[in-house]
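Only the coordinates and a few stated rules stand behind these numbers; no lab work does. Just so it is clear, the structure is predicted and the values come from calculations on it, not from any experiment. For neighbour counting, all protein chains shown are included, and Cβ atoms are generated from backbone atoms with ideal geometry for every residue, glycine included.
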Protein chains: 4
Amino acid sequence: MQLGLVGLGKMGFNMRDRLRKGGHEVIGYDPRPEVSDVPDLAGLARTAPRAVWVMVPSGDITNETIVGLSEVLSEGDLVIDGGNSRYTEDQPHAALLAEKKIGFIDAGVSGGIWGLTEGYGLMVGGSDEDVEKVMPIFDTLRPAGPREDGFVHAGPVGAGHFAKMVHNGVEYAMMTAYGEGYEMLAAEDLIKSPQEVYQAWTNGTVVRSWLQTLLAKALKEDPQLAEIRGYTDDSGEGRWTVEEAIRLRVPVPAIAASLFARFLSRQDDSPTMKAVAALRNQFGGHAVKRISEG
Amino acid sequence: MQLGLVGLGKMGFNMRDRLRKGGHEVIGYDPRPEVSDVPDLAGLARTAPRAVWVMVPSGDITNETIVGLSEVLSEGDLVIDGGNSRYTEDQPHAALLAEKKIGFIDAGVSGGIWGLTEGYGLMVGGSDEDVEKVMPIFDTLRPAGPREDGFVHAGPVGAGHFAKMVHNGVEYAMMTAYGEGYEMLAAEDLIKSPQEVYQAWTNGTVVRSWLQTLLAKALKEDPQLAEIRGYTDDSGEGRWTVEEAIRLRVPVPAIAASLFARFLSRQDDSPTMKAVAALRNQFGGHAVKRISEG
Amino acid sequence: MQLGLVGLGKMGFNMRDRLRKGGHEVIGYDPRPEVSDVPDLAGLARTAPRAVWVMVPSGDITNETIVGLSEVLSEGDLVIDGGNSRYTEDQPHAALLAEKKIGFIDAGVSGGIWGLTEGYGLMVGGSDEDVEKVMPIFDTLRPAGPREDGFVHAGPVGAGHFAKMVHNGVEYAMMTAYGEGYEMLAAEDLIKSPQEVYQAWTNGTVVRSWLQTLLAKALKEDPQLAEIRGYTDDSGEGRWTVEEAIRLRVPVPAIAASLFARFLSRQDDSPTMKAVAALRNQFGGHAVKRISEG
Amino acid sequence: MQLGLVGLGKMGFNMRDRLRKGGHEVIGYDPRPEVSDVPDLAGLARTAPRAVWVMVPSGDITNETIVGLSEVLSEGDLVIDGGNSRYTEDQPHAALLAEKKIGFIDAGVSGGIWGLTEGYGLMVGGSDEDVEKVMPIFDTLRPAGPREDGFVHAGPVGAGHFAKMVHNGVEYAMMTAYGEGYEMLAAEDLIKSPQEVYQAWTNGTVVRSWLQTLLAKALKEDPQLAEIRGYTDDSGEGRWTVEEAIRLRVPVPAIAASLFARFLSRQDDSPTMKAVAALRNQFGGHAVKRISEG
């Protein structure tokens, strides 16, 4: 089928490829003319009813794009937000588009740069009718195999991004789990090579996973991770997951610990621990390391 | 090759099967005559040099078994402890056997009841010479594919069980990660079916894994987990992992949180929270729930 | 000075008392006629410029009260929100009142039921001019001693409630700390009486505090806490603290752990741990406790 | 009464002072002749039955001191270990001394450098008879006021150090709580001065405490803690608390988080987070900070 695709960055570019290989006609728009198929949003789709997939950074840019599409699309068309929008933004976007009888689907997309070849895990929210309309697109994007193993219509508008947000929260905690395991292996003299252990975990063990295999690969490339700093960004979903957990009164100690570890990784020194060091000095006369000592 | 195997429980029984299918001659001993091949430890191995795999509960029973074997084996023989012994027990066991010039290997074995068909992930510690002797056994037990993907000679005696202990610590944290994700999906009204989301995560997503697929399977069997209580035992490795992390000064917040969650799952009520409730009552006049109110 | 006081619950009632003993003329309003001095908000203050202290539950009731006051007060008057409002609500309230040139102060008040006799810790936000106007009130409410030891003008509108929110977050973590200590003492056979240890900590130790003394008192009344359930509510501020920490990228593992412990205390069974138990059953054949087994 | 005192470091030196001011005859021994009253352990006590207080670093030095004392003391004498020994070492020490019918008491001592003037919080373990013998010493060391507010005979040998260990675990978590609060205040632009807020918390608030007042003092001396690094040692008790919590199956998330924060404060970069950064790079093409980029 025909699909407009806004945003040809790392993810959108690959998705256009995968969809075209799957036989779809994809018209991509990106502000960078060298990758864009058309000069503007208005050029995105020619055959009504039109479907446009938005794959741009969450927040203001997604918002502006959807407002822009509401101006060029018309009744019966459909917008799919495949970016990492916070699920609370979906209902307002759906309402905006509904004023012009344009449909809306939120689609959480997982798989990173590997999705091009392996397919993308998809979690979508929206009406049955809207989802049905673009099922051929979902079927091409998702991995081969049974539909229910890589695609879920998780619920009404918002459910797709909510499921994706939780997915990323789980991902944070898994990564921390593997990181803690690596650090312990690296700290223990008995272990000849943490890298070889991680390689051996890729098959047969209880902890094997796609991420685990990737860490084994990373360790093969740089067994001491000597070239990599622990500085780690967080992209919104992890923070939102903890915020939503609080709203839902769900205890998420492992996910929260993972989020806080990322915050810490970006601090030169921890103000909390400066206060602790100052306290110890006050009551116990414990030596503190002073900045002026270098 | 010929192998004596002590312990024909859930794990040992399956391993005997897999080894026999792989063409080895396995002589199994278990105190339960209905599964045992021989009446006692002395009957375990006929052809010198003998190799005996110990697959019994860690702690006293493993210890008694190794002492028993030191009495019936002789110079040039080899004992492999495939159970979940704490790695600190390996060196004493090796030393005991070395007095009689009997070799020792510690082998961490992962894979659970699925190892019979899929192969077991193996992490072993010992001398190159000893490991070489029983490599045919390891090659049959481990999954098909490259040796380094399911087997590692992690270091000297103790390294195998250390690696397995860390493996289980990581496993604890992964399970908590998936558990937290499930709880959030189940708490949010937008999500039609947490089970379907978990099913959809099994392919294409970043969080997919063997454990993740198992949770999807468990949720298919009982979508609300209505029949299962949260009460969860812990088996030693999780506790040891945190203890060793403390020794190594490695921060393991996600693993520790997972361990504490298991402790909590076995408490009728939390004494910590009883104290917190009592405190709130003292300073704020906040109502407390009294036992006598039912 | 003259002060109107809206809300004569546990906190407001005591504050009226303390202020009157301090020589102020307090006109209290409460929907319950038996405690109210006047029949309605309009009766609250007679002498211009008027100052009205709002001491009602945060959220809708505070909001309605401030809207109501904006209708009966006039230019040059002043509203102080002494309740536990989220600090993000302060600026909108200030703006609403500013339309009529009514001033606004947010005042975090700590001390619970003990404030009546010991004085209340006060953290306020607002303009220098507004704060100066009601300093006589603050000076009576705060504990005896130097003003800076029990009162802070923390910054512009919002700063008072922000400081109070953080105060309560810290309080959560302190309570958990004492709770964990109690649980450990209670679990160890060597310790004859956790209550006596807590009593002994009230003087001379590094951990002594007002809260610590209260826990010693609670344990004296019920040494096993046998009559108290761990079920613990949380009032907003703890949740907000973690949410704001996330916004500010501040790692707060101890406060978050304390918040999650409260969530857990209110669950009959943990869905996270049900998932973990289900997983263990899947891969290891570990027994699970089934509901049907009772 | 007469007391031998081994160890005249920061703690022992002050304790000798406080005891002498209390009218006791204290004979101090320290390897540094400039502070020592006698040249060796044998000179410590002249009047039988003798009591000797050991106030030296825990571990080997305490052990050697107690072995040394067992050689110069005799039947009916008494040794008090006032250092921060792990409680599991107390029973072996008691047994060693019991061979010569010398009594043993373990005494946890809290208060730091402030104990000299304010008195020391004391938690002791031992027999009623032994504790009775040196009660005059305990009564002088502990703060003025009721005995039970600064002294506890917590149980048999070991109970004193166990209670002190838990005390220090609680102390770790309280310090983290105050540290997290400070960091949040410092991160929020609305807050004019975190130092002033901490000062205002010293009176009337729920979170006020001796430690809290010390942090206010530290912040007064250096409001930004600009001169202090977060690097923080840990002294054994915090690690032991978590280890014993694991043995007792007591969940201690706040104490464990505090311990891990100290470990982290001493790392140049976190291997866990290096692994997480490496993983993100593998699956998402997320940029990592490379060491070679500086």
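Computed quantities for the displayed model
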item	result
Net charge dipole size for the range B:140-294 [Lys, Arg +1 and Asp, Glu -1 on Cβ; Debye, nearest 20]	340
Cβ-defined net charge surrounding D:LEU259, 11 Å radius [Lys, Arg +1; Asp, Glu -1]	0
Calculated label separations, C:SER127, copies of the chain, 7 Å along the beta-carbon direction, nm	5.2, 7.6, 8.7
Degrees, to the nearest 10: D:60-72 long Cα axis against longest axis of chain D	0
Value of relative contact order over the range D:40-104, rounded to a whole percent, pairs C-alpha under 8 Å and six or more apart	36
Choice from B:ILE105, B:ILE113, B:ILE137 showing the highest fluctuation, given a GNM over chain B with Cα pairs closer than 10 Å	B:ILE113
Choice from B:ASN168, B:ASN203, B:ASN281 with maximal GNM fluctuation in chain B (Cα, 10 Å cutoff)	B:ASN281
Axis-nearest residue in chain C [Cβ, rotation onto D], distance in whole Å	C:SER209, 1
Within the range A:40-119, GluC sites (Glu not before Pro) in DSSP loop having at most 10 other beta-carbon neighbours inside 10 Å	A:GLU75, A:GLU99
Partner aspartates and glutamates for C:LYS289 [C-alpha distance under 15 Å; skip if fewer than 8 residues away on the same chain]	B:ASP222, B:GLU227, B:ASP233, B:ASP234, B:ASP268, C:ASP268, C:ASP269
Radius of gyration, Dmax [chain A; alpha carbons; angstrom]	22.9, 77
Other copies of B:PRO49: label-to-label distances in nm, shortest first, labels 7 Å along the beta-carbon direction	6.1, 7.5, 9.5
Trypsin sites (Lys or Arg not before Pro) within the range A:1-75: DSSP coil, no more than 12 neighbouring Cβ in 10 Å	A:ARG46
Of A:LYS192/B:LYS133; A:LYS274/B:LYS274; D:LYS101/D:LYS133, pairs whose Cα-Cα distance is over 23 Å	A:LYS274/B:LYS274
Between the range C:46-118 and the range D:125-192, the alpha-carbon center distance in angstrom	41
Degrees, to the nearest 10: A:237-248 long Cα axis against longest axis of chain A	90
Gaussian network model of chain B, springs between alpha carbon atoms under 10 Å - residue of B:GLY238, B:GLY82, B:GLY284 with greatest fluctuation	B:GLY284
Assigned charges on the beta-carbon of Lys, Arg, Asp, Glu; chain B dipole about Cα centre (debye)	580
The range D:2-154: C-alpha gyration tensor shape, a/c 1.5 cut-off, then a/b vs b/c	rounded
Trypsin sites (Lys or Arg not before Pro) lying in DSSP loop within the range C:75-104, provided at most 11 other Cβ fall within 10 Å	C:LYS101
For C:GLY4, residues with placed amide H under 5 Å, excluding near neighbours	C:ILE27, C:ALA51, C:VAL52, C:TRP53
Quotient of C-alpha Rg and 2.2 N^0.38 Å, computed over the protein assembly as shown	1.02
Likely footprinting exposure, D:SER85, A:SER193, fewest C-beta neighbours within 10 Å first	A:SER193, D:SER85
Nearest-ten-degree value, helix C:210-221 long axis tilted from longest Cα axis of chain C	60
Bins of 10 Å, starting at 0 and running to the largest distance - Cα pair percent for the range A:85-238	10, 30, 28, 18, 10, 3, 0
Which of C:THR117, B:THR213 has the fewest Cβ neighbours within 10 Å, and the rest in rising order	C:THR117, B:THR213
Label distances, nm, A:GLU34 versus same residue in remaining copies, Cβ-directed 7 Å point	7.2, 7.4, 7.9
Shape of the range B:66-130, Cα gyration tensor, a/c cut at 1.5	prolate
Global form of the range D:165-266, assessed from the alpha-carbon gyration tensor, a/c cut-off 1.5	prolate
